[in-house]
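Down below is the structure, laid out as structure tokens.
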Amino acid sequence: MELLDLRYDAAFKEFFKDTELLSSFISSITGKELQVESLEYTEEKAVDDGRSIIFDILAIDKDGNKINVEMEKNSTSSIKKRTQFYWAKAFTRGFEKKSKFKNLKDTICINILGNNVFKDEVICREYVLYDRENNNRLDECLSIYFVELQKGEYSKGESIKDLWIKLLSNSKRAEELPEESPIIKKAVLKVYQISEIDDIQLKVIEEALEESKRLDWEDDVLENAETMVREAKQKAHEEVKEAKRKLKEAEQKAEEATKEAAKKAAQEAAKETEKSTKIDMAKNMLASNIDINIIANVTGLEVCEIKKIQ
């Protein structure tokens with residue numbers, strides 16, 4: 001089975017719906033023990049001209065702090081400005097007219113870059129606001145991290161952070177990662193699980209197709225990709241159609257079974273009523289001292305049954 005590339009949004013978001021995996025990744029990058037309590041994917045209005053942003057992942061920890069995690073498969077030089085914009089939107093999210101500034105929560109942005117942006121060998125870096133003169137940090141509210149996957153894919157490090165970066169840089173080779181750590185073992189299993197979901201596979205193919213158009217791939221490559229999308233959609237359509245057929249068939253069988261059960265119940269009730277009537281008749285005839293054999297002939301009851309009601 002070919003494993004999905006976690007650098008594509010559909011696979012990335014599906015993978016990190018598991019808050020235990022997300023908490024481990026965030027903690028490994030920040031060096032802080034952070035526990036994700038909830039996830040938000042709500043669209044955020046960016047500017048008045050109608051443009052909007054949608055966070056790949058906006059996680060909320062147990063203290064209400066916000067962690068924005070973005071996967072940028074094809075990073076550009078504008079990522080630095082874009083990141084600050086996203087941080088500002090996440091930081092002020094939920095701040096209303098009567099809100100107090102002191103209640104603004106710490107906000108962390110983690111940007112996972114598919115290609116290198118910085119001209120050094122640092123794989124993971126953090127930016128904060130600080131006083132240049134005294135080298136003092138303003139406060140803990142702002143942390144922006146950049147993780148460059150190309151630099152980390154072949155690193156020799158074996159820490160949890162190193163393994164996370166290797167997994168995200170090339171999830172197609174997830175089986176090569178050492179699984180001594182339970183959380184990494186779970187992460188590798190998760191990659192296999194989401195790779196079996198047809199809907200996620202289709203979304204990743206469509207993302208790859210859109211990407212190929214932007215990168216001006218050759219016509220035959222585009223044609224093959226478009227064919228794959230058409231075939232995947234047709235397969236999904238046929239599967240839905242077959243599922244509907246089976247559902248209708250099951251409903252018909254259930255209806256027939258219900259009718260048959262009702263018929264049997266009515267027959268049983270009729271038999272009980274008939275027998276009850278015969279017993280009442282036998283009681284009345286016994287009270288009139290009519291011979292028991294005559295009663296049996298008239299009612300159709302067995303002699304032994306009549307004797308029991310004497």
Cα gyration tensor shape of the range 83-152, rounded if a/c is under 1.5, else prolate or oblate by comparing a/b with b/c: oblate
Shape parameters for the chain, alpha-carbon atoms, Rg then Dmax in Å: 35.1, 123
Under 19 Å from the Cα of Lys271 - aspartates and glutamates, other chains or at least 8 residues apart: Glu260, Asp280, Glu302, Glu305
What spacing in nm lies between the two simple spin-label points modelled at Leu129 and Glu272, each 7 Å away from Cα in the Cβ direction? 7.9 nm
Where only C-alpha atoms are counted, convex hull volume of the range 1-158 per residue in Å³: 166 Å³
Determine the per residue accessible area of the chain with all protein chains present and a 1.4 angstrom probe, expressed in square angstrom. 63 Å²
With at most 14 other Cβ atoms within 10 Å, longest stretch of the chain clear of loop chymotrypsin sites (Phe, Trp or Tyr not before Pro) (DSSP): 155-310
Sparse-neighbour loop sites [trypsin sites (Lys or Arg not before Pro); the range 87-117; at most 16 other C-beta within 10 Å; DSSP]: Lys97, Lys98, Lys100, Lys105
Which distance in nm do the two modelled labels at Glu176 and Ile197 give, with both placed 7 Å along the Cα-to-Cβ direction? 2.6 nm
Hey, what's the per residue convex hull volume over the C-alpha atoms of the range 269-310, in cubic angstrom? 57 Å³
Sorted by chain and number, the residues with a modelled amide H under 5 Å from that of Ser143, at a separation of 5 or more or across chains, are Thr107, Cys109
Report relative contact order for the chain in percent, whole number only (criteria: Cα-Cα under 8 Å, sequence separation at least 6). 15 percent
When the accessible area of the chain is split by element with a 1.4 Å probe, what percent falls to carbon and sulfur? 50 percent
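The values are calculated or read from the model by the stated rules, or taken from the named source; none is laboratory data. These numbers come from a predicted model, not from an experiment. Positions of Cβ are backbone-derived with ideal geometry, glycine not excepted, and every protein chain shown enters the neighbour counts. Side chains are part of the model used for accessible areas, which takes the heavy atoms of the whole protein and leaves out ligands, DNA and RNA. Shrake-Rupley method; radii C 1.70, N 1.55, O 1.52, S 1.80 Å.
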